[in-house]
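The values are calculated or read from the model by the stated rules, or taken from the named source; none is laboratory data. Predicted model only: the values in this text are computed from it and were never measured. Here Cβ is always computed from backbone atoms with ideal geometry, including for glycine, and neighbour counts include all displayed protein chains. The protein model used for the area step is the full one, side chains on, heavy atoms only, and it has no ligands, DNA or RNA in it. Shrake-Rupley method; radii C 1.70, N 1.55, O 1.52, S 1.80 Å.
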Amino acid sequence: MTKISRGGVQVTNLTWTPFASPEPLLRNLSFDIQPGERVLLIGPSGSGKSTLLRALAGVLADTESGELIGRVAIEGAGLLLQDPNDSLVSDSIFREMAFGLENAGVAQAPMANIVTRGLEAVGLSKPLAHPSTDLSGGEMQRMAFAGVLATNPDVLLLDEPTSMLDSISAAAVRETVAQQVEQTGSTLIVVEHEFTDWLPLVERVLVLNSRGELIFDGEPRNVLSEHSDELQNLCLWLPGLQAPEPATINLGSGSGGRITVLTGASGAGKTTELKSRLRADQNNKTILAGVGYLPQQAELTILGNTVFETAHKTAALAARGLGIEASQAESNTHKILKGLGIGQLEERNPYEISGGEQRRLALATALAHSPLSAYLDEPTVGQDRGSWSLIIGAILAARTSGTKLTIATHDPRLIALADEVIEIKPLAIEPVSEKKTSVSGIVILAAPMLLLLGSLRITSLAAGVISLAGLVIAAFLLTAAGFRINTAKALLPGLIAVLSVGISNWYLSEQQNPVTGLVAGLRVASFVLPGITLATQLRPIQLGDQLAQWLKVPPRPVIAAVAAMQRLQNLIATWDELRFIHRIRGVGLGKGPIAKLNEWSSLVFGLLVQAIRSAGSTAVAMDARGFSRAQMKSRTWASKPTWGRLDWLVLLLAFLLTAAPFLAN
Amino acid sequence: MSNTVSTKSVFAWRGIDLITAAVLAVALGVAFWGFDAFVYPLIGIATAGFPPLGGLATGVWILPAVAGMLIIRRPGAAIFVELIAANVELTLGNSWGVTVLISALLQAAGIEIIFALFRYRRFGFAVAALAGALSAIFEIVGYELSAYYADFSPLWKLLLVLCSMISGAFVAGGLGSLLVRGLARTGALNAFAVGRESRSK
């Protein structure tokens, strides 16, 4: 094996065939990149650009298993992904940015300094303890970039770093990258659909075609001028080209059609505004399926086993409701799928088609039932010129047919077609009041376990009453010590459980003695109620610190569990979004328990697909920062576990309460 | 150099194994919380006063451990997934407080034992159902009978165990297998053996 110098990249005859794919995604690629070179990697959707970056970063197997032939030689790569949400592992900017340092075994003492310098380098002026999710899209992407930089990479691999951002945030991210490359002399390889603004920064361009072959490699000016025809055929967003002609699609004609665009900075609340308008509209509509909706995550709209079924579900319901002939409604759906260039996929499994195709399918789904109004969230993001023209064609056809369209977008070419443009101003974000840790995770887990032990001795009414009295006193003491008990609602299921245990132990026991039931209820209450009260205070990251650093639980499972728990709110949001989509589409409205169970299973399935896919991206982002490479024995931690006065108090009370029933007997 | 990206030892978890298992657990936690919100009240009210019937719901809580094992196929997968799912339950609020962690450990132990007996090589319906049933026995006999239902008469205790076993086998084992196969067909599990198998059929 030849030795590669730091910052250099050497790819020799690289071919990658995922198991799921009949053909290679990357074919026989060979190229060398010198240390300090700045390279742009372009190609149409599905040409394998992101895959190549992942291969360079050594994290290919994280999303797909397959056969890798050839050789990649690279030293010290750092990878930045498109969606910074995927890279979140923790709850504060500090812990987020320190993740790569922890894996590399950097000592705790200098970490705060390194992170502060990193924040300055990317122009992010936030306190270290600031919640990592409470940032705009651009800020979050710069934080993620700083997290990559913290590991001191010699080769920066950027995978569509600005495609989800508005033009101002995108410029800020590019500026940060330019400065960084300038100062450190690191090698840069960037993938971006809309690459014009990156051209001043790069000195070389690699072009992949849709078969995953490297077709051009050279200085950007030369490549773009000498091969402009071929590049245009690849549907690339070449600089200086006009917006493509919208495809001609015919959905009939009607009056009242209109395009209203909601625009504004990333994170200003375009999506929120779009959805609140959609809700208001939905509530006003009296007819079934009067609205259509394209969410940002197109995959969430999938229902049923085939592409056609997904697109037609709502149209079929609407047709039945309005007494339209089924064949007529079906021909409309066929027409729109064909217009969007996915007519040949009608019988395919909708989960198996490409991301770009899923996006067009979701658009077809939103329009197939000829809704009075349609709400589209970033319909054109990340599309090449070919699919852009199809999507715009469908949008214009819907307007001609009389549909009122409201579109959240930061695509200037789409904004230019609007009848009305509304600029969304960011709301002042309320400062998040950081919840102070009151009780440690370990104590939250240990105290109820102790109480469970004590509960086994609650066998007489006297012991039960004493334990109940003890609980009440403990609750008062804790409140006085500053523990906030705001769990009246959280306690309800627990109270029901206690009641259920009490009653059933009364009439299912041999003597059917009510006292037996009462004692059983008190016994369960003695550990269940405090357990629930304490559990509301659980903070995963802090529990993780204690488990890994004090109890020496292996670090990798702990880190993975904490990262997953950080996604709880995200997953709840996805769950709500799925329910919302189903309601808009008129499915899952059945009232009976079977209908509800059906609807629930279909929601669970949608949620899991989405969750597992995002886990793949998260694994890539974590492994790119050394999560799997790390020598876990020398891994360090950015923060020490915390332990406070309340912890002692809760433990003490738990011991006393556990002892009480023993004394009572 | 030719290099097939594959897994080496069943004990060496890849990053993707850990993170997928953890996220799966959290997602299922959310789903069950949603189950409580719109299906469970019916069942809950029906069985609140009659736990033996409630035993039929036991499998629901075991399902994450089975699904995790069927996807990850490594020792510890059931324990890892079930413990995290229990933590999610805790955070979102549940009926039993922190002691769900004990349940989680017992249930997962039942799953681990069965798959270990088959040396982590058999992942079909029958093995999953067997694992689900043993898991339910562990949960009921090892914990619930003494903690919650100590005063039931022997007959009722037996009935509770039987109901739970049926649920463990069919709901956790059966539905869990179906769920994982369905997920594999979407391509979301392509990084795992179960995803490859579903493609090569």
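Given the residues A:A247, A:A280, A:A243, which is the only one that is aliphatic (A, V, I, L, M), assigned to a loop (DSSP other than H, G, I, E, B) and either under 30 Å from A:R583 (Cα atoms) or open to solvent by 40 Å² or more (accessible area, probe 1.4 Å) (or both)?
On the way: A:A247 fails: either under 30 Å from A:R583 (Cα atoms) or open to solvent by 40 Å² or more (accessible area, probe 1.4 Å) (or both); A:A280 fails: assigned to a loop (DSSP other than H, G, I, E, B).
None of the others qualify; the one that does is A:A243.
In segment A:106-133, what count of residues is obtained for those that are open to solvent by less than 30 Å² (accessible area, probe 1.4 Å) and either under 18 Å from the mean Cα position of the chain (by Cα) or under 24 Å from A:S167 (Cβ atoms) (or both)?
Here is the first cut: in segment A:106-133, the ones open to solvent by less than 30 Å² (accessible area, probe 1.4 Å) are A:111, A:115, A:118-119, A:122, A:124, A:131-132.
Now restrict to residues that are either under 18 Å from the mean Cα position of the chain (by Cα) or under 24 Å from A:S167 (Cβ atoms) (or both): A:119, A:122, A:124, A:131-132.
Number of matching residues: 5.
For segment A:136-149, which positions are under 18 Å from A:A98 (Cβ atoms) and open to solvent by 20 Å² or more (accessible area, probe 1.4 Å)?
Within segment A:136-149, A:E139, A:R142, A:L149 meet the criteria.
Yes/no per residue for (1) open to solvent by 60 Å² or more (accessible area, probe 1.4 Å); (2) in a loop (DSSP other than H, G, I, E, B); (3) at pLDDT below 90:
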{"site": "A:I422", "(1), (2), (3)": "no, no, no"}
{"site": "A:V439", "(1), (2), (3)": "no, yes, yes"}
{"site": "A:I444", "(1), (2), (3)": "no, no, no"}
{"site": "A:V465", "(1), (2), (3)": "yes, no, no"}
{"site": "A:G470", "(1), (2), (3)": "no, no, no"}
{"site": "A:I473", "(1), (2), (3)": "yes, no, no"}
{"site": "A:L477", "(1), (2), (3)": "yes, no, no"}
{"site": "A:G482", "(1), (2), (3)": "no, yes, yes"}
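Looking at A:S455, A:S460, A:S440, which is the one that is among the polar types (S, T, N, Q), more than 9 Å from chain B (Cβ to nearest Cβ) and more than 16 Å from A:L652 (Cα to Cα)?
A:S460
How about segment A:630-649: which of its residues are farther than 13 Å from A:F99 by Cα and part of a loop (DSSP other than H, G, I, E, B)?
A:Q631, A:K640, A:P641, A:T642, A:W643, A:G644 - these are the residues of segment A:630-649 that are farther than 13 Å from A:F99 by Cα and part of a loop (DSSP other than H, G, I, E, B).
Looking only at segment A:14-33, count how many residues are free of Cβ contacts under 8 Å to residues at least 40 places away in the same chain and either among the hydroxyl-bearing types (S, T, Y) or under 18 Å from A:R71 (Cα atoms) (or both).
1
Quick check on A:V72: is it open to solvent by less than 20 Å² (accessible area, probe 1.4 Å), among the β-branched types (V, I, T) and farther than 30 Å from A:R539 by Cα?
No, not satisfied.
Considering each residue of segment B:72-127, count those that are within 14 Å of chain A (Cβ to nearest Cβ), in a helix (DSSP H, G or I) and more than 15 Å from the chain's Cα centre (by Cα), and give that number.
6
Here's the yes/no breakdown for (1) in a loop (DSSP other than H, G, I, E, B); (2) of a type in the set (A, V, I, L, M); (3) on the phi > 0 side of the Ramachandran plot; (4) in contact with a Ser or Thr (Cβ under 6 Å, 6 or more places away or on another chain):
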{"site": "A:G138", "(1), (2), (3), (4)": "no, no, no, yes"}
{"site": "A:A144", "(1), (2), (3), (4)": "no, yes, no, yes"}
{"site": "A:L156", "(1), (2), (3), (4)": "no, yes, no, yes"}
{"site": "A:S163", "(1), (2), (3), (4)": "yes, no, no, no"}
{"site": "A:R174", "(1), (2), (3), (4)": "no, no, no, no"}
{"site": "A:V190", "(1), (2), (3), (4)": "no, yes, no, no"}
{"site": "A:E194", "(1), (2), (3), (4)": "yes, no, no, no"}
{"site": "A:P200", "(1), (2), (3), (4)": "no, no, no, no"}
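Against the definition (small (G, A, S), more than 10 Å from chain A (Cβ to nearest Cβ) and assigned to a helix (DSSP H, G or I)), how does B:G54 come out, yes or no?
Here the answer is no, as B:G54 does not meet what is asked.
Consider A:N152 against the criteria (1) of a type outside the set (G, A, S); (2) at negative phi; (3) part of a loop (DSSP other than H, G, I, E, B): it satisfies all of them except one. Which criterion is unmet?
(2)
Run A:A660 past the list (1) open to solvent by 30 Å² or more (accessible area, probe 1.4 Å); (2) not in a loop (DSSP other than H, G, I, E, B) and report the number of the one that doesn't hold.
Going through (1) open to solvent by 30 Å² or more (accessible area, probe 1.4 Å); (2) not in a loop (DSSP other than H, G, I, E, B) one by one, A:A660 breaks only (1).
Does segment A:13-20 contain any residue that is surrounded by fewer than 16 Cβ atoms within 10 Å (Cβ to Cβ) and not in a strand (DSSP E or B)?
no
Let's see how each residue does on (1) at pLDDT below 90; (2) among the acidic types (D, E); (3) out of contact with any Gly (no Cβ under 7 Å at 6 or more places or on another chain):
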position	(1), (2), (3)
A:I324	yes, no, yes
A:L345	no, no, yes
A:P350	no, no, yes
A:S354	yes, no, no
A:A394	no, no, no
A:T406	no, no, yes
A:R413	no, no, yes
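Since A:L25 meets every condition but one in (1) at pLDDT below 90; (2) open to solvent by 30 Å² or more (accessible area, probe 1.4 Å); (3) of a type outside the set (D, E), which condition does it not meet?
Every condition holds for A:L25 apart from (1).
Take the residues of segment A:333-354 that are open to solvent by less than 60 Å² (accessible area, probe 1.4 Å) and within 16 Å of A:T248 (Cβ to Cβ): which is farthest from the other protein chains (Cβ to nearest Cβ)?
Out of the qualifying residues, it is A:G339.
Looking for whichever is in a helix (DSSP H, G or I), facing chain B (nearest Cβ under 7 Å) and either open to solvent by less than 30 Å² (accessible area, probe 1.4 Å) or on the phi < 0 side of the Ramachandran plot (or both) here; the options are A:I532, A:I594, A:I581, A:I559. Which one fits?
A:I532
Only one of (1) surrounded by fewer than 22 Cβ atoms within 10 Å (Cβ to Cβ); (2) under 21 Å from A:E75 (Cβ atoms) is not met by A:L156, so which one is it?
Unmet condition: (1).
Being within 21 Å of A:P161 (Cα to Cα), β-branched (V, I, T) and surrounded by 24 or more Cβ atoms within 10 Å (Cβ to Cβ): is that true of A:V39 here? Even if it seems obvious, please write down each step before you answer.
Details: within 21 Å of A:P161 (Cα to Cα): yes; β-branched (V, I, T): yes; surrounded by 24 or more Cβ atoms within 10 Å (Cβ to Cβ): no.
No; evaluated as a whole, the condition is false for this residue.
Name the residues in segment A:60-97 that are in a loop (DSSP other than H, G, I, E, B), at the interface with chain B (Cβ under 10 Å from one of its Cβ atoms) and under 19 Å from the mean Cα position of the chain (by Cα), would you?
A:T63, A:E64, A:V89
Condition first: among the hydrophobic types (A, V, I, L, M, F, W, C), free of Cβ contacts under 8 Å to residues at least 24 places away in the same chain and assigned to a loop (DSSP other than H, G, I, E, B). Now tell me which residues in segment A:292-329 satisfy that.
Passing the criteria: only A:I324.
Across segment B:164-200, what is the number of residues that are more than 16 Å from B:G124 (Cβ to Cβ), open to solvent by 20 Å² or more (accessible area, probe 1.4 Å) and touching a residue at least 40 places away in the same chain (Cβ under 8 Å)?
Total meeting the criteria: 2.
How many residues are in contact with a Leu (Cβ under 7 Å, 6 or more places away or on another chain), at the interface with chain B (Cβ under 9 Å from one of its Cβ atoms) and open to solvent by 60 Å² or more (accessible area, probe 1.4 Å) when one looks only at segment A:501-525?
Residues in segment A:501-525 being in contact with a Leu (Cβ under 7 Å, 6 or more places away or on another chain), at the interface with chain B (Cβ under 9 Å from one of its Cβ atoms) and open to solvent by 60 Å² or more (accessible area, probe 1.4 Å): 0 in total.
With at pLDDT 90 or above, of a type outside the set (A, V, I, L, M, F, W, C), part of a loop (DSSP other than H, G, I, E, B) and within 26 Å of A:L124 (Cα to Cα) as the only criterion, which of A:G36, A:G100 stands out?
On inspection, the qualifying residue turns out to be A:G36.
Conditions (1) touching a Cys at 6+ places or on another chain (Cβ under 7 Å); (2) over 26 Å from A:S21 (Cα atoms); (3) assigned to a helix (DSSP H, G or I), marked per residue:
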| position | (1), (2), (3) |
| --- | --- |
| A:L361 | no, no, yes |
| A:H369 | no, yes, no |
| A:W388 | no, no, yes |
| A:I391 | no, yes, yes |
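Test each condition in (1) within 19 Å of B:L28 (Cβ to Cβ); (2) open to solvent by 30 Å² or more (accessible area, probe 1.4 Å); (3) modelled with pLDDT under 95 for B:L155 and report the one that comes out false.
Answer for B:L155: the failing condition is (1).
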